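Worksheet: the structure to be examined is printed underneath.
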Amino acid sequence: MRRAVFLDRDGVLNEPVVRDGRPHPPATADALVICEGALRAVQALREGGFALIVVSNQPDIARGTAAPAEVDAINERLRGLLPLDDVLVCPHDDADGCDCRKPKPGLLRRGARLHQIDLTRSYLVGDRWRDIEAGKAAGCTTIFIDRGYAERAPSAPDVRVASIAQAAEWIITHARNTMHVLDAATDPAAVSVSALKVKLFADGADLDGIAKLAADRSIAGFTTNPTLMHKAGIGDYEAFGRRALEIVGDRPISFEVFADEQAEMLRQARKLASWGENVYVKIPVSDTKAAPTDEVVRELTRDGVRLNVTALMTESQVRRVVDALAGTPGAYVSVFAGRIADTGRDPVPMMRRNVALCESQPNVELIWASPRELLNVFQADAAGVHVITATHDILAKLSLVGKDLAEYSLDTVKMFHRDAAAAGFTL
Ligand SMILES: [Mg+2]
């Protein structure tokens with residue numbers, strides 16, 4: 001089953017003829033003018049894997065004010081100008097009592113039958129209330145292009161935009177962000193690690209664990225921090241660092257400075273950087289007195305040191321740090337999405353904005369740090385985050401990705417049974 005974008009015609013793909021504030025179709029094929037940005041929008045949606053189906057009310061046919069052949073000629077010209085899969089027309093007026101005149105969903109349903117479309121995962125783009133109501137009745141996500149007509153507005157479209165270009169952009173982002181959730185609900189096997197674009201880093205300081213993960217080439221890099229090192233009982237920082245470097249080979253690994261004074265931070269950073277080309281030096285976003293470390297970041301970046309600026313939580317911090325990283329040969333900005341989530345805030349939209357901030361500077365990549373669960377890997381991927389660094393415990397759950405849920409349910413039942421038996425409970 002494919003996904004589709006159902007597109008209204010007049011006012012969505014082509015310029016309407018507006019009289020008294022209300023839109024009308026062009027009278028002839030020659031009068032057809034494609035909306036600005038429509039070709040690019042349609043191409044982007046097509047590349048996104050959507051079937052593109054035009055669903056158009058043409059009541060002027062029933063009213064006798066437009067010849068069916070002229071409507072056909074307009075649609076032929078439209079299909080010549082835009083790569084569309086189908087153009088479906090309702091020629092009726094209200095009095096005909098058909099099931100295809102929008103706001104009825106008949107045209108969308110016909111399109112779904114003809115092209116094997118899953119309506120609930122599809123979109124409708126329209127510029128009038130009839131379009132949006134039809135889209136909703138068919139179970140689609142609806143996008144209203146508000147052209148400011150002097151007529152009733154649709155109630156509660158999923159989003160309101162100003163152009164077909166904005167509509168396409170919104171659909172592509174929305175589809176990407178909901179894909180994993182929907183795939184998991186409808187087809188568990190569709191979720192896979194190999195389809196991920198986000199790079200997986202392993203966050204830990206246990207050398208055995210690092211060695212085990214280093215054997216897995218899907219782990220693209222490694223991070224450590226003083227808290228994890230302390231927990232792992234590490235006493236000799238340099239011995240640990242050099243051993244970890246031997247294990248990870250040429251993959252990036254981050255080691256953090258622990259000084260609080262800027263001069264000492266600089267000294268430690270240069271020392272850590274001297275251990276290897278693939279060392280990223282972690283600099284906290286501020287010192288313990290909340291003074292920003294921007295100057296340290298700037299100076300080390302000027303010297304060509306690769307940094308991983310860490311412990312960020314806010315967008316203003318990201319903006320400042322990305323600015324300080326100008327000219328870096330390669331750097332990471334670690335935003336603690338998990339800690340943000342711990343405060344009851346949704347990190348996903350914030351991380352999406354942070355991606356855009358990082359992309360303003362070449363060679364800067366965003367890390368989703370402190371994930372709380374395996375699902376965060378898929379959320380980070382959908383948000384376009386470059387890297388997620390997860391503890392070894394979370395990475396161990398990668399083996400569960402795409403697991404059949406019925407099978408997993410049975411495993412759970414067996415676990416309860418086994419544990420109850422092991423406990424020797426009686427009632
Ligand atoms: Mg229209």
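The phi-based Karplus calculation (6.51 cos²θ - 1.76 cosθ + 1.60; θ = phi - 60°) puts the 3J(HN,Hα) values of region 143-159 at 10, 9, 8, 8, 9, x, 5, 8, 7, 5, 8, x, 8, 6, x, 5, 7 Hz, whole numbers, x for Gly and Pro. Computed from the C-beta positions of HIS115 and GLU36 and an R0 of 22 Å, the FRET efficiency is 0.20 to the nearest 0.05. The stretch between GLU277 and ARG22, if pulled fully straight at 0.36 nm per residue, gains 85.3 nm over its current Cα-Cα span.
For the chain, DSSP calls about 10 percent of its internal beta bridges antiparallel.
Of all beta bridges that DSSP places with both ends in region 1-152, some 20 percent have antiparallel geometry. According to the Cα-based calculation, Rg over Rh for region 280-336 is 0.92, with Rh computed by the Kirkwood formula.
In the chain, helices alone account for a calculated mean residue ellipticity at 222 nm of -12500 deg cm²/dmol, with every DSSP H run of four or more residues adding -39,500 (n - 2.57).
Just to confirm the number: angle between the C-alpha axis of helix 38-47 and the first principal axis of the chain, 0 to 90 degrees, nearest 10? So the helix axis and the longest Cα principal axis differ by about 60 degrees. Modelled this way, with points 7 Å down the Cα-to-C-beta line, the labels at LYS414 and SER194 are 2.6 nm from one another. Each of ILE164, PHE416, ALA44 was scored by the projection of its Cα onto the charge dipole of the chain, and the greatest displacement toward the positive side belongs to PHE416; charges sit on the C-beta of Lys, Arg, Asp and Glu. Highest GNM mean-square fluctuation, the chain, Cα pairs closer than 10 Å: which of ASP346, ASP411, ASP206? Looking only at ASP346, ASP411, ASP206, the largest GNM fluctuation is found for ASP411.
Summing Cβ point charges (Lys, Arg +1; Asp, Glu -1) relative to the Cα centre of region 199-400 gives a dipole of roughly 240 debye.
Distance between the C-alpha centres of region 215-274 and region 89-119: 62 Å, rounded to the whole angstrom. Within a straight-line Cα-Cα reach of under 23 Å, LYS136 can be paired with the following lysines, leaving aside sequence neighbours fewer than 8 residues apart in one chain: LYS102, LYS104. Apply 1/(1 + (r/R0)^6) to the Cβ-Cβ distance of ARG251 and ALA73, taking R0 = 45 Å, and write down the FRET efficiency to the nearest 0.05. After rounding, the FRET efficiency stands at 0.15. Across the chain, Cα pairs under 8 Å and at least six residues apart give a relative contact order of 11 percent. Helix 68-81 and the longest principal axis of the Cα set of the chain meet at an angle near 30°. Gap in Å between the Cα centre of region 389-405 and the Cα centre of region 193-212? Taking the Cα centre of region 389-405 as reference, the centre of region 193-212 is 11 Å away. All C-alpha to C-alpha distances of the chain, sorted into 20 Å bins beginning at zero, yield P(r) values of 22, 39, 29, 10, 0 percent in whole numbers. Gain on full extension, evaluated as 0.36 nm per residue between SER360 and HIS230 minus their Cα-Cα distance, stands at 43.2 nm. Summary value for region 199-400: 17 percent relative contact order, contacts being C-alpha pairs under 8 angstrom separated by 6+ residues.
Rounded, prolate or oblate, given the Cα gyration tensor of region 1-138, with a/c below 1.5 counting as rounded? Walk me through the intermediate numbers first.
Working: a/c = 1.66, a/b = 1.17, b/c = 1.42.
Oblate, since a/c reaches 1.5 and b/c is not below a/b.
Relative to the longest principal axis of the Cα atoms of the chain, the long axis of helix 237-248 lies at roughly 50 degrees. Dipole size of the chain about its Cα centre, with +1 on Lys/Arg Cβ and -1 on Asp/Glu Cβ: approximately 240 debye, rounded to the nearest 20.
Relative contact order for region 4-190: what percent, with Cα pairs under 8 Å and sequence separation of 6 or more?
After rounding, I find 23 percent.
Annotation: amide H of ASN14 within the under-5 Å range of CYS35, sequence separation 5 or more or interchain, hydrogens built in the peptide plane.
Which cysteines does the chain leave without a neighbouring Cys Cβ under 4.7 Å? Cysteines lacking a close Cβ partner in the chain: CYS35, CYS98, CYS140, CYS358. Checked against a 29 Å cut-off, the cross-linked pairs LYS199/LYS414; LYS199/LYS403; LYS197/LYS403; LYS197/LYS397 give Cα-Cα distances beyond that limit for LYS199/LYS414.
A short reminder: the numbers here are calculations on the coordinates, not readings from a lab. Computed from a predicted structure; not experimentally measured. Using ideal geometry, Cβ is built from the backbone for each residue, glycine included, and neighbour counts are taken over all protein chains shown.
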